[in-house]
Amino acid sequence: MAQETTYPKRYKFKESQEKWIKYWKDEGIYKFDINAKGEIFSIDTPPPFVSGTLHLGHILNHSWIDFVARYNKMKGRNVYFPQGYDCHGLPVELAVEKKYGISQHQRDEFLEKCIEWVEQNINNMTKQYDDLGYSTDWDFTYRTMKDDYKFKIQWSLLYFYEKGWLYREKFPTHFCVNCETSVAKAEVGYYEEPGKLWYLKLPIVGREDEYITIATTRPEYMEACVGVFIHPNDERYYHLSAAEVEIPMTDRTVRIEMDRNVDMNFGTGIVYCCTYGDELDIKWKINYDLDEIQIFTEDGHMNENSIYQGMTILEAREQILKDLDERSLVEKIEDYEHRVVIHSERSSCRKPIEYLPVYQWFINVKDFTDEIIESGNIMNWYPEKHKQRLIDWCEGVDWNWVISRQRVFGTPIPFWYCKECNEIIPPRVEDLPLDPVKTPPPVDKCPKCKSKNLLGEKDVCDCWIDSSITPLAIAKWLEDDDFFEKTYMKAKVHRPQGYEIIRTWLFYTLFRCKKLTGKAPFYETMINGMVAGPDSRKMSKSFGNIVSPDEVMPEFGADAIRQWAAMGSLGDDYPFEYTWIELQTKQPVSEDKIKEEMEKLPEDKFNKKYRRRFEQLIGASRFLTKIWNAYRFLGLNLNKFEISDINIDKNLLSVIDNYFYSEFNKNLELITKYFDEYNWHEAFTIVRPFFWNEICDNYIEAIKYKFYLEEQETREWALKNALNLFYKMLTIFAIIMPFISEEIYSNMYKKFKNLKSIHLERWPTPYENISEELAEKGKFGIDIIKILRNYKSKHQIPLNQEITRVIILSDKNKHEIINDLKEDIKNTIRIKNLEIYEKNQEDKIKDKPDSKEIIDELGIIFYFSL
RNA sequence: AGGAGAGUCUCCUAGCAUAGUUAUGGAACUUCCCUUACGAGGAAGACUACGUCGGUUCAAAUCCGACCUCUCCUACCA
């Protein structure tokens, strides 16, 4: 007697997940061995920012990445699949300030706490990855905040400096003159303030007593005015084209320019550009190559470029208005609801923000966009259409990359500079990584001006500086030459990512890696879209359409959620569907009603009354149940036998086996083709119906009767053949549903296969030498079975009820086929007496039953009697 | 404001460069049957969609133009 295995009625995904996550870890199923067989295929996965939790966008993206990893492994490649974390960023600083109540000015302690906070978040996110069934090898994880990572970053910056691509220059930034610090865009807010709009007259050069009038909320910028703009379509001002105007309180004149960015409906439709008034001013300064005249100091006073030197900005405003008024240059004053940019998000400051130029570090990318396009062109794009985003972006780049951020938690920019002459002092390679704020420069005086006033840069790097060398970091660049050679230089490197960061992550990675190694980093890229809510708008709190993975994972499990991911389409946005259900009536409730109720009811009451129904996941769970039951059925029968293998013998295949094996071959070819293109959606829409409607509904139904036969050999072969086919399907399932596949494998197949895990298995091969002639016959048999089953159904006969007598009449050439399949037809449909004749024998049949059906497309006539 | 991608039935999705029967395939849905691998299964069914408006054409989801909506990006949140 075979060893008894028990087959629980339901698949318990929770226990299964827990068990296999541990097993995979203990047994090292996903370990990467660089010396293993197969071409090395590296996956440069996106390091998520360490917010502390993965969202559904990550789930979509990383499920796909896991499909890529598992599929390529099965195809025999040696897949290198690490997963790292992007640690630096303003949100970390904000969280630490809030949680520990310390400020960035207590630098050392602050940084320590940042690291602590990040580590906690990483723990949680790592668990979420494991719960998803993510097959990364955690031995190769990385963190952008670690020294080994920083070393590579700083080394690359030094290299860029030596090549002359890295430089330091003044550039405007949001600056709080109250706190005397640069602030991030995320730290500024707006608030509405009743203010004034001043209409000021600027004299036109060479035309006596002619003026143009500009409207401004910031008259104190007048002295910094370097340009005046009007809209090219503005009919009121056609006569002003190319005119010049005088700037009051200065001895300068400026040209009037036409620009489409002007808002014709604001003020007079004429706007003055004061370098750094707002973001538009900055854009104009760059596009029109305007001078910059700085009139403010970093502590909010007027500087030496202003006749109001020493006054605060507000004092200067009052004074200049008086002075302009004296010269009759103030046309009128209006009340105006003014949107003021203030320092609101991080401090209690709430004072207005100014744009001030400070020294920033730059990397020259403008001169290398052709090279980036080339690196993009040699890659395979899935889907192709998103390549255009990269090309368009490259072609439009007209400024260089500002890499410095006035933050503290980031990779230090490893340079010093001379306070007197701004000479840059680079570090020695052997001293990297370092923090120039804490480490003295390698020289004691400026090599250019001999000054001893050398300062370490306290700015840190833009996050994209960290993340745009991930392909090098994972390949142990500068660390292990052999590893680097094998996993980068000679490997196929796959880059999966969302389309929204093509212009950042992909762009900068293509640029830097090519420059640093001479080799374009990627063999191919797979692009995912954004996850939206059911209203196909992005998930956001204000729309109330957010779903968190933590909400659905415990209810449906990873295999179901991964099926949801598999149904998304390459490169397009993908909604996460749900409908609101009223719990009592179980009826769907409209979106509007829900919104109403949400506002009306307290949260707990609302939650008791309504619930979200996740249709996609319900469908996915049903499929898992179907797989589980097919397994149970085969398993229960396997319990009755002692078989030593599930190998097949071509000569012992039944006609029906032959047909389904042939169908499997055809479907496998399609599935493989779609997987090769990373088109999960199309692949899965073949896998699911093929398994469900063909293998379960037709194949298993048609061989079922054999399991109850007396004759051992037929029983055994029927089971073996079915187990063999099911196993091939299971290896395909393993990519999308790793847990249930492993569960079934371990219970039913492990004893026949010499593998610790199905995830070490190879992609299935087609059945060889399948006779198409026999397959045709099998198809014919299945068609007949379908018609008979249909007949029963139409006449409301229970499927398991026996029919007393069925007569099948066919053309001569079909007669023999039907005869061969007699047992299959008879037993599958449960017919007591099945008689088979050629059509020309119709007259000879005795006691023909009344019920008759003619099936033209099969060339068959049926008679039935219940 | 600009640039890019997208809009096909209740939901996903194919098709769209070389325009051509009745627009693909899934899920969900309804009715009947069944319940001995099946919180499952079987059979039938219907409804029925190319964002809007124009144009080119014998013929447009497909080509052209305008517009609308969504999403992403546009030098300090990733």
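Results, tabulated for the structure shown:
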quantity: Residue match in region A:122-134 (condition: within 22 Å of the chain's Cα centre (by Cα) and within 13 Å of RNA strand B (Cβ to nearest atom)); calculated: yes
quantity: Single match in A:I413, A:I424, A:I391, A:I363 (criterion: outside the structural domain of A:F522 (by TED's automatic domain parsing) and closer than 30 Å to A:D573 by Cα); calculated: A:I391
quantity: Residues that are among the small types (G, A, S) and either within 25 Å of A:L321 (Cβ to Cβ) or not in a strand (DSSP E or B) (or both), drawn from region A:186-212; calculated: A:A186, A:G195, A:G206
quantity: Sole exception among (1) within 16 Å of RNA strand B (Cβ to nearest atom); (2) open to solvent by less than 10 Å² (accessible area, probe 1.4 Å); (3) part of a helix (DSSP H, G or I); (4) under 22 Å from A:V408 (Cβ atoms) for A:F110, by number; calculated: (1)
quantity: Residue check for A:Y161: in contact (Cβ under 8 Å) with a residue 40 or more places away in the chain and more than 16 Å from RNA strand B (Cβ to nearest atom); calculated: yes
quantity: Qualifying residues in region A:647-680 (those that are part of a helix (DSSP H, G or I) and open to solvent by 50 Å² or more (accessible area, probe 1.4 Å)) - the one farthest from RNA strand B (Cβ to nearest atom); calculated: A:N651
quantity: Qualifying residues in region A:548-561 (those that are farther than 13 Å from A:H58 by Cβ and not small (G, A, S)) - the one surrounded by the most Cβ atoms within 10 Å (Cβ to Cβ); calculated: A:D559
quantity: Any hit, region A:41-48, residues being closer than 22 Å to A:E555 by Cα, within 16 Å of RNA strand B (Cβ to nearest atom), under 20 Å from the mean Cα position of the chain (by Cα) and in the same structural domain as A:S135 (by TED's automatic domain parsing); calculated: no
quantity: Residue check, A:Y837 buried (at least 16 other Cβ atoms within 10 Å of the Cβ) and under 47 Å from the mean Cα position of the chain (by Cα); calculated: no
quantity: Members of region A:477-505 found to be in contact with a Leu (Cβ under 9 Å, 6 or more places away or on another chain), open to solvent by less than 10 Å² (accessible area, probe 1.4 Å), at pLDDT below 95 and assigned to a helix (DSSP H, G or I), listed by number; calculated: A:I502
quantity: Matching entry among A:P554, A:P549, A:P521 (being more than 13 Å from RNA strand B (Cβ to nearest atom), under 23 Å from A:L390 (Cα atoms) and not basic (K, R)); calculated: A:P521
quantity: Residue count for region A:53-94, restricted to those that are over 15 Å from the mean Cα position of the chain (by Cα) and within 11 Å of RNA strand B (Cβ to nearest atom); calculated: 8
quantity: First in region A:649-669 and closer than 14 Å to A:M729 by Cβ, second anywhere and assigned to a helix (DSSP H, G or I) and of a type in the set (S, T, Y), Cβ under 7 Å, 6 or more apart; calculated: A:F660/A:Y699
quantity: Helices (runs of 4 or more DSSP H) wholly inside region A:273-390 containing at least 3 residues that are closer than 30 Å to A:L510 by Cβ; calculated: A:279-287, A:369-377
quantity: Residue, nearest to RNA strand B (Cβ to nearest atom), within region A:236-263, restricted to residues that are closer than 19 Å to A:E331 by Cα and open to solvent by 70 Å² or more (accessible area, probe 1.4 Å); calculated: A:R236
quantity: From the options A:S348, A:S404, residue that is modelled with pLDDT under 90 and open to solvent by 30 Å² or more (accessible area, probe 1.4 Å); calculated: A:S348
quantity: Extreme residue, farthest from RNA strand B (Cβ to nearest atom), among residues of region A:408-429 that are assigned to a loop (DSSP other than H, G, I, E, B) and open to solvent by 30 Å² or more (accessible area, probe 1.4 Å); calculated: A:R428
quantity: Conditions (1) among the aliphatic types (A, V, I, L, M); (2) farther than 25 Å from A:G376 by Cα; (3) within 16 Å of RNA strand B (Cβ to nearest atom); number of the one not met by A:L432; calculated: (3)
quantity: Pair list, Cβ < 8 Å and 6+ apart or interchain, from region A:699-727 residues that are more than 17 Å from A:K650 (Cβ to Cβ) to residues that are open to solvent by 20 Å² or more (accessible area, probe 1.4 Å) and within 11 Å of RNA strand B (Cβ to nearest atom); calculated: A:I700/A:F633
quantity: Residues satisfying the stated conditions in region A:9-33, i.e. in contact with an Asp or Glu (Cβ under 6 Å, 6 or more places away or on another chain), surrounded by 14 or more Cβ atoms within 10 Å (Cβ to Cβ) and under 16 Å from A:Y80 (Cα atoms); calculated: A:Y30, A:F32
quantity: Conditions (1) without any contact (Cβ under 8 Å) to a residue 60 or more places away in the chain; (2) over 26 Å from the mean Cα position of the chain (by Cα); (3) open to solvent by 20 Å² or more (accessible area, probe 1.4 Å); number of the one not met by A:V177; calculated: (1)
quantity: Residue list for region A:437-454, restricted to those being open to solvent by less than 40 Å² (accessible area, probe 1.4 Å) and out of contact with any Lys or Arg (no Cβ under 8 Å at 6 or more places or on another chain); calculated: A:P441
quantity: Selection count where residues are in contact with a strand residue (DSSP E or B) (Cβ under 8 Å, 6 or more places away or on another chain) and within 7 Å of RNA strand B (Cβ to nearest atom), scope region A:612-646; calculated: 1
quantity: Of the criteria (1) among the charged types (D, E, K, R); (2) within 50 Å of the chain's Cα centre (by Cα); (3) surrounded by 15 or more Cβ atoms within 10 Å (Cβ to Cβ), which one A:K201 fails; calculated: (2)
quantity: Failed condition for A:I29, given (1) over 20 Å from A:Y745 (Cα atoms); (2) not in a helix (DSSP H, G or I); (3) not aromatic (F, W, Y); calculated: (1)
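The values are calculated or read from the model by the stated rules, or taken from the named source; none is laboratory data. Everything numeric here is computed off the predicted structure, so don't read it as measured data. Positions of Cβ are backbone-derived with ideal geometry, glycine not excepted, and every protein chain shown enters the neighbour counts. Please note that ligands, DNA and RNA were not included when accessible areas were found on the heavy atoms of the full protein model with its side chains. Shrake-Rupley method; radii C 1.70, N 1.55, O 1.52, S 1.80 Å.
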